[in-house]
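What follows is calculated from the coordinates using simple rules that are stated; it is not laboratory data. The model shown is predicted, which means the values in this text are computed figures rather than measured ones. All Cβ positions, glycine included, derive from the backbone under ideal geometry; neighbour counts span all protein chains shown.
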Amino acid sequence: MSRKAPTGFTLIEVLIAMAITAFVSMIAYTSLSTVMSGVESLRENTDRIYEVNRALMIISRDLRQFTNRPIRDEFGDVEPALTGGMLARFTLSFTRTGWHNPNGHPRSNLQRVNYRLEEGALWRDSYAVLDRAADTEPQTVLLLDNVDDLRLTFLPSLDALQVRTSDASVDTSNWLESWVADTSAPGEDLAPPQAIEMFLQLEDWGELRRLYALPPL
C-alpha cells in the first residue's frame, strides 16, 4: 500500500508570499502616515485660525468700547485717552469702558489697555487702576505668537477720509503713522482719532489689515 507524499509550500512560494505581505504593509503604512499628517496639519491650521480670530476679536472689542478718558502713568505724566504708533511708548494704548465687575469690587468700569509687540509676539497689558502709581503692575496676556510686525495708522478727521475710485476702498496713504501729544504744547489735550488701521505681519499668513472706526464720543 503506497502512501501519498506530504504536500506543503515551497521556498519560492513562501518568499513570494512574504514579499506581497511586505508590499501591502508598506502601502498601508504610507497611507496611514499620510492621513495622520493631514489630520495633524488640519488641527494646527484650525488652532491657528482660532488664535488669530480670538486676538482680532479682543482688539475689536476693546476699540469698540473706547472712551475719552486721559490717565496718569506711573511717572505722574498725563497720557491722552488714546496714543499709539511709531513714536509712542506703546504701539497702542487707550482707555476702554465695559470692564465687567461680576464680584462687585469697589472699582471703576474703565480700564487702561496697551497693545505691544515684543519678541515676535503680540501682548495685551491691562491695569487694575486708571491713574497708576510707581509700583502698579499690569496684567499681561499673550494674544498671538509668530508676529513679525505690528503697525498702525490714524485718521485725524473725517475731512481727511478719502476713497479710492478704482475699488471704492478706503485710501489710508495719507493717515498719520503716530498719534502722540505735541511736546511743543504741553498741557494741550490730544483729541482721539476718528479711525485706526492696523497691519499685522504674521510669519505663516503674511499681512493682515483691519480698519477700526472709533465710537462717537
### Task
Quickly run through the range 145-159 and pick out the residues that are within 28 Å of residue 215 (Cα to Cα) and of a type in the set (Asp, Glu).
149, 159
### Message
Here is a check on your reading of the model: is residue 200 aliphatic (A, V, I, L, M), over 17 Å from residue 64 (Cα atoms) and not in a strand (DSSP E or B)?
### Response
no
### Message
For the structure I just gave you, tell me whether residue 122 is assigned to a strand (DSSP E or B) and in contact with a helix residue (DSSP H, G or I) (Cβ under 9 Å, 6 or more places away or on another chain).
### Response
yes
### Task
Run residue 134 past the list (1) surrounded by 11 or more Cβ atoms within 10 Å (Cβ to Cβ); (2) among the small types (Gly, Ala, Ser); (3) in contact (Cβ under 8 Å) with a residue 40 or more places away in the chain and report the number of the one that doesn't hold.
(1)
## Note on the structure
Of 142, 158, 117, the only residue that is surrounded by 11 or more Cβ atoms within 10 Å (Cβ to Cβ) and touching a residue at least 24 places away in the same chain (Cβ under 8 Å) is 117
### Summary
Expected single match for surrounded by 12 or more Cβ atoms within 10 Å (Cβ to Cβ) and either out of contact with any Phe, Trp or Tyr (no Cβ under 7 Å at 6 or more places or on another chain) or charged (D, E, K, R) (or both) among 73, 47, 77 is 73
### Summary
Scanning the range 170-187 residue by residue, those surrounded by 10 or more Cβ atoms within 10 Å (Cβ to Cβ) and either assigned to a loop (DSSP other than H, G, I, E, B) or among the acidic types (Asp, Glu) (or both) turn out to be 171, 172, 174, 175, 177, 180, 181
